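Heads up, the thing below is written out as structure tokens.
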2 protein chains.
Amino acid sequence: MRHRLKDVAERAGVSVKTVSNVVNGYPHVRPDTRARVEAAIAELRYRPNLSARNLRKGRTGVIALAVPELDIPYFAELARHVVTAAADHGWTVLIHPTGGGPEQERVAAAGIGDHMIDGLIFSPLSLDAEDLTGLDGMPMVLLGERVDHGLADHVVIDNVTAAREMTTHLIGLGRRRIAAIGSPRTPEGAGARLRLAGYTAALTEAGLGYDESLVAPTPAWHRADGAAAMRHLLDSGARPDAVFCFNDTLALGALRALHEAGLRVPGDVAVAGFDDIEDGRFSVPTLTTVAPDKERIARLAVDLLAGRLAGDRDAPPRELTAPHRLTPRESTA
Amino acid sequence: MRHRLKDVAERAGVSVKTVSNVVNGYPHVRPDTRARVEAAIAELRYRPNLSARNLRKGRTGVIALAVPELDIPYFAELARHVVTAAADHGWTVLIHPTGGGPEQERVAAAGIGDHMIDGLIFSPLSLDAEDLTGLDGMPMVLLGERVDHGLADHVVIDNVTAAREMTTHLIGLGRRRIAAIGSPRTPEGAGARLRLAGYTAALTEAGLGYDESLVAPTPAWHRADGAAAMRHLLDSGARPDAVFCFNDTLALGALRALHEAGLRVPGDVAVAGFDDIEDGRFSVPTLTTVAPDKERIARLAVDLLAGRLAGDRDAPPRELTAPHRLTPRESTA
DNA sequence: AACGTTGGTTACAACGTTGTAGGAATGCGG
DNA sequence: CCGCATTCCTACAACGTTGTAACCAACGTT
């Protein structure tokens, strides 16, 4: 039912290789031969067998994007940008939601390399770069956090600075008891560590000092975690007048918990997030956030990968920083 | 750098085929040979070349999931379930965000079939099944709406009934001027048509009659579209006391617009959505919605595909209906 | 003792493609 | 009209895997 080069060749009265040449745009083919071949291709609705091509060329034209969860809108948005950027290179993207656990991420990184994939863009949650064995020299670009130095290409944003700016922004609005939600509960979450560092730096700069009771760790970064942490903060009597959540979904959960507690935002408590997901532009109130340039992150990552695939496998790992922008909205007005 | 069966074979002192047999769990291999081979596999960190295997077997072990946009949380959640269900069959899922336009969907459906994929789960937005040519007998399962009869397997929910139930629910709460947001503006959007049908049916049953001015079409189903449509309804003087949005993101946009207009939900206007995305459980107010059983939808789709791949390519197309549940929350309390 | 049976292993071909090497036809300058 | 380059095309091998057929050894039956 499905045709091969051979079928097209027979129909056009040429050799298999000539058909291959036409398919691949090889220049030295007589116009009339080319026309005959193209006609045959069209008639038979021929489509190249990618497995065979890949086997022959050692390239698959597919890159993988491994993210913790697509349900986290940040990653869904990022995935869209990666797909777009990859399309410019003619690549298909295999989006792989890992689940975010250390074991799952290890499996993803290992299992994905089975020659199905030319390269990997990986946004790890639990793993350090050292854990990423089994890639056997397959190019990889790590996203999002400076997990580690010198082991692979990275695309990051300046988490420390961004978190410091946001905290400073809250201080500038007159807030003094600024809580943080989403601090790392375990060694996991390089991003959390960096954002926490920026947060404390800003407090120190402002002479506010770090208050342990205002810092709430969370098991994950979902809305439910944000709501639970917020409730905990309120119950604990810590009395925050602002909350800096380390991502937007946490912040949306916090908004919800504050609402349930009968507190007004930003009147009683100001709320800030991180990531600039679409929800935050429509929530009530809209959400102040740090907006990383996701489109740029995606393009830088894809371009880094392209560089590796184009040749310089052995160039030293690069680390590129994408810009971010503090975006004030109603929740801190 | 990367090893082949041959390398393992040499190291273990056996033939290539024996290694292949070990890798594939062929039973008749002497325990000590098996052990030697496995040791060699481990030492060399051998991984089978999937392109070669696929070429040989005519199967890739990859199925594609084509959805309009991952940014729409419904599809992100669905994707997660599909990945999980597919994993039970040992399949990898290639998630392909099409963008939703007719041309893009056509390209997706066509270009994806290049032997890279064993089957396709497709959630079309613009396309009818007739448009899906070029699959050349590759099994496909259509998701979400009853686009068409008898051309491919379908997994649907009963959109008409669900929409009727929701509308009846709103009527039962005493609402009389019930608006609908998200009606189809073009032939596109089978789901929209069906939900509109359920909506009108309920109105008719209740003797309320269909009021054109209460029905707002939208170009797409994003939050921004919902907000715009809501604003339009309010400005038009239609004075709805309830709004049934054809998905949750539209509803979240509508909530926002109502908030900006200074109207209370559900006090002044009740709001209902469709899809049960996570956002709706944390929005202020939480969102009444129709909850399709996404996990079931995904599993049914994957199982249908499994059936086709297992053999019966020519069985008549099946249509399976997944259950849904009306889920009242604060927005219609 | 000759026989089929089963277990364990191997050689070979094939999947559909493209790179390489080279052959046949054509064009051009002398 | 010869020699040489260029254009156009082809045959062949190879990418790494697995199905097929076939083989040898060991075994239990007759």
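Looking at B:ALA224, B:ALA272, can you tell me which residue is away from every other protein chain (no Cβ under 13 Å) and not hydroxyl-bearing (Ser, Thr, Tyr)?
Exactly one residue qualifies, and that residue is B:ALA272.
Do we have A:ALA206 as within 14 Å of another protein chain (Cβ to nearest Cβ) and not charged (D, E, K, R) here?
Here the answer is no, as A:ALA206 does not meet what is asked.
Being surrounded by fewer than 12 Cβ atoms within 10 Å (Cβ to Cβ), part of a loop (DSSP other than H, G, I, E, B) and either within 14 Å of chain A (Cβ to nearest Cβ) or within 9 Å of DNA strand D (Cβ to nearest atom) (or both) is the filter here; which residues of the range B:1-22 pass it?
B:MET1
So if I check each of A:THR332, A:THR327, A:THR321, A:THR286, which one is within 17 Å of A:VAL160 (Cβ to Cβ), in contact (Cβ under 8 Å) with a residue 40 or more places away in the chain and hydroxyl-bearing (Ser, Thr, Tyr)?
A:THR321
Count, please, the residues in the range B:70-102 that happen to be within 7 Å of another protein chain (Cβ to nearest Cβ), modelled with pLDDT under 90 and over 15 Å from A:THR92 (Cβ atoms).
Number of matching residues: 1.
Could you list, in sequence order, the residues of the range B:39-72 that are crowded, with 20+ Cβ neighbours inside 10 Å and among the small types (Gly, Ala, Ser)?
Correct list: B:ALA40, B:SER51, B:ALA64, B:ALA66.
Considering (1) near DNA strand C (Cβ under 8 Å from one of its atoms); (2) closer than 27 Å to A:MET138 by Cβ, say which one A:LYS17 fails and leave the rest.
(2)
In this structure, does B:ALA301 turn out to be over 18 Å from B:LEU173 (Cα atoms), buried (at least 24 other Cβ atoms within 10 Å of the Cβ) and not assigned by TED's automatic domain parsing to the domain that holds B:ARG223?
yes
Inside the range B:23-56, can you point out the residues that are near DNA strand C (Cβ under 10 Å from one of its atoms), closer than 30 Å to A:LEU50 by Cα and part of a helix (DSSP H, G or I)?
B:SER51, B:ALA52, B:ARG53, B:ASN54, B:LEU55, B:ARG56
Of (1) surrounded by fewer than 16 Cβ atoms within 10 Å (Cβ to Cβ); (2) at negative phi, A:GLY209 satisfies all except one. Which?
Every condition holds for A:GLY209 apart from (2).
Restricting to the range B:242-275, name every residue that is surrounded by 24 or more Cβ atoms within 10 Å (Cβ to Cβ) and on the phi > 0 side of the Ramachandran plot.
Within the range B:242-275, just B:ASP275 meets the criteria.
Looking for something at pLDDT 95 or above, over 26 Å from B:GLY262 (Cβ atoms) and not assigned by TED's automatic domain parsing to the domain that holds A:GLY137 - is there at least one such residue anywhere in the range A:256-267?
Looking through the range A:256-267, none of the residues is at pLDDT 95 or above, over 26 Å from B:GLY262 (Cβ atoms) and not assigned by TED's automatic domain parsing to the domain that holds A:GLY137.
Among the numbered criteria (1) in a loop (DSSP other than H, G, I, E, B); (2) within 14 Å of chain A (Cβ to nearest Cβ), which one does B:THR249 miss?
(1)
Quick test for you: out of A:LEU263, A:LEU258, A:LEU233, pick the one residue that is in contact with a strand residue (DSSP E or B) (Cβ under 8 Å, 6 or more places away or on another chain), within 14 Å of chain B (Cβ to nearest Cβ), under 24 Å from A:SER283 (Cα atoms) and touching a residue at least 24 places away in the same chain (Cβ under 8 Å).
A:LEU258
Does B:ALA152 fit the bill of being assigned by TED's automatic domain parsing to the domain that holds B:ALA201 and either modelled with pLDDT under 75 or touching a helix residue (DSSP H, G or I) at 6+ places or on another chain (Cβ under 9 Å) (or both)?
Against the criterion (assigned by TED's automatic domain parsing to the domain that holds B:ALA201 and either modelled with pLDDT under 75 or touching a helix residue (DSSP H, G or I) at 6+ places or on another chain (Cβ under 9 Å) (or both)), B:ALA152 does not qualify.
The values are calculated or read from the model by the stated rules, or taken from the named source; none is laboratory data. No experiment lies behind these values; they were computed from the predicted model shown. For neighbour counting, all protein chains shown are included, and Cβ atoms are generated from backbone atoms with ideal geometry for every residue, glycine included.
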